[in-house]
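For reference, the structure discussed in these notes is given below.
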Ligand SMILES: [Zn+2]
């Protein structure tokens with residue numbers, strides 16, 4: 001009996017969050033840990049703009065360390081990236097293949113946070129997230145974003161996720177439990193929403209943005225986004241869905257920071273000694289990148305505004321949580337390519353890949369529908385294909401591979417079965433490729449775009465995109481502001497050694513006094 005009591009006391013003393021006993025707060029722990037995700041933020045773009053920032057970014061660089069984070073796989077997309085930031089797991093382990101993917105058994109495409117019946121869910125995420133690690137403890141875990149997938153996936157299967165409802169032009173709170181988000185009553189959010197109606201003023205360029213980009217406003221390749229054209233001004237009232245236009249304006253960042261400050265008060269984040277987690281993911285940054293590219297006047301203008309808004313937010317953290325009582329990581333779910341027009345590249349669509357693959361298979365097997373889906377980076381053969389004799393299938397696969405390799409836009413084609421599995425025994429690009437696939441869910445073949453070529457769609461053409469295995473998509477700024485930091489001269493360039501982005505979630509967990 002004495003032994004049992006002693007053991008219980010020992011366990012209680014060393015217990016991380018979520019276990020029985022008195023939770024231990026680590027020595028020097030912060031009260032609030034913030035993960036700020038700037039969606040689609042390539043390292044090359046931050047380096048190009050660094051000297052223009054004198055606000056929030058400057059303070060982050062004076063209080064933290066500027067590292068370059070390298071995403072470990074070629075699944076450099078929003079859903080896999082947000083899953084990785086909250087779990088430390090790449091696609092091979094997280095099971096999140098892309099923003100949407102073909103499910104062989106269901107014979108349909110589902111979004112990353114969509115269950116078989118169409119409801120929202122994080123059921124496809126195979127691993128625990130930071131919200132799971134804090135569940136059952138007095139610590140809170142909150143995710144905020146315009147996009148549902150970006151608010152939900154870093155948490156995992158538990159926590160509070162608040163995201164934007166374009167139809168109602170407001171943010172809605174969801175309690176995430178066992179991977180299912182259910183609308184959650186939050187009186188403070190009702191009051192906040194009533195006092196902060198969406199103000200859709202036109203987006204015009206700041207005087208200080210003029211000339212910084214060094215490129216014309218109507219540069220070739222710019223497509224605009226959410227109904228906006230290539231050039232300033234961008235008036236949401238002239239678009240088809242004005243409430244949806246916030247996704248492609250600096251306003252989309254501003255309303256999230258406003259909400260974040262209200263959430264700290266409303267949810268009492270950082271109010272006690274138990275460290276809480278706040279994830280903020282800035283979706284508008286991604287849409288502006290897609291619409292105009294990172295070299296554009298639009299992107300420069302958005303980031304100069306972001307620089308100022310971050311400064312205000314950091315001051316609010318000092319005031320609400322206390323100076324020195326919060327820690328933060330600022331980074332991104334993926335980078336992006338420079339405009340393909342500027343690097344001798346071009347655009348490729350999944351429909352072109354599917355058509356090319358089907359034509360090649362038909363040359364061996366005769367006319368038919370041999371390909372079910374070619375959503376990047378996977379190609380799934382149809383059920384009809386698998387009824388063909390093995391030798392015929394083998395020659396059809398060879399024909400498909402060689403047909404796709406003849407595309408100037410495609411760099412690599414191969415069998416998923418050869419590329420997947422035992423990733424830690426592989427090196428370099430082979431390891432990155434391996435980490436891109438879930439051996440059970442991924443396709444039969446894969447393809448990767450050549451340098452300079454972006455994945456695009458016919459119905460929504462983009463200025464730029466991301467997703468590839470190339471450095472511009474995988475390398476992102478990683479600004480680390482740990483607890484107990486001291487100020488220094490603001491960094492003007494990153495520390496040379498890169499950090500594997502799988503290390504971010506364990507670092508946050510450590511600050512929170514928990515483990516994934
Ligand atoms: Zn993204």
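What relative contact order, as a whole-number percentage, does segment 233-373 give when Cα pairs under 8 Å and 6 or more residues apart are counted?
For segment 233-373, the relative contact order is 19 percent.
Over all pairs of distinct alpha carbons, what does the Kirkwood formula give as the hydrodynamic radius of segment 84-123, in Å?
Final number for the Kirkwood radius of segment 84-123 is 10.8 Å.
Determine the calculated [θ] at 222 nm for the chain from helices alone, applying -39500 (n - 2.57) to every DSSP H run no shorter than 4 residues and normalising by the residue count; nearest 500 deg cm²/dmol.
-9000 deg cm²/dmol
Length gain on complete extension for the stretch residue 115 to residue 194, per 0.36 nm per residue less the alpha carbon to alpha carbon distance?
Here the segment from residue 115 to residue 194 would lengthen by 25.3 nm.
Counting only DSSP beta bridges with both residues in the chain, what percent are antiparallel, rounded to the nearest 5?
Just about 55 percent of them are antiparallel.
Helix 390-405: angle to the longest alpha-carbon principal axis of the chain, degrees 0 to 90, nearest 10?
Taking Cα atoms only, the helix is inclined about 70 degrees.
What is the distance, in nm, between label points placed 7 Å from the Cα along the Cα-to-Cβ direction at residue 406 and at residue 169?
Those two pseudo-labels are separated by 5.4 nm.
Highest mean first, how do 283-289, 33-39 rank when packing is the count of other Cβ atoms within 10 Å averaged over residues?
Ranking the peptides 283-289, 33-39 by packing returns 283-289, 33-39.
Against the longest alpha carbon principal axis of the chain, how many degrees, from 0 to 90 and to the nearest 10, is the axis of helix 78-87 turned?
40 degrees
Just need the relative contact order of segment 105-237 here, percent rounded to a whole number, with Cα pairs under 8 Å and 6+ apart.
That works out to 15 percent.
Output the peptides 98-106, 354-362 sorted from most to least packed, where packing is the average of other Cβ atoms within 10 Å over each peptide's residues.
Ranking, from highest mean packing down: 354-362, 98-106.
Taking the 0 to 90 degree range and rounding to the nearest ten, how far is the long axis of helix 297-317 tilted relative to the main principal axis of the chain, both from C-alpha atoms?
Roughly 30 degrees, rounded to the nearest 10.
Considering Cα pairs under 8 angstrom that are at least six residues apart, work out the relative contact order of the chain and quote it in whole percent.
With pairs under 8 Å counted, the relative contact order is 28 percent.
Treat each spin label as a single point 7 Å out from the Cα along the C-beta direction, and report the residue 422 to residue 208 distance in nm.
Reported label-point gap for residue 422 and residue 208 is 5.6 nm.
For the pair residue 237 and residue 265, how long in nm is the line joining their label points, each one 7 Å along Cα→Cβ?
In this crude label model, residue 237 to residue 265 measures out at 2.9 nm.
Could you line up 479, 152 from fewest to most neighbouring Cβ atoms inside 10 Å?
479, 152
None of the figures in this text is laboratory data; all of them are computed from the coordinates on show. Everything numeric in this text was worked out from a predicted model, so none of it was measured. Neighbour counts run over all protein chains shown; Cβ positions are idealised from the backbone, glycine included.
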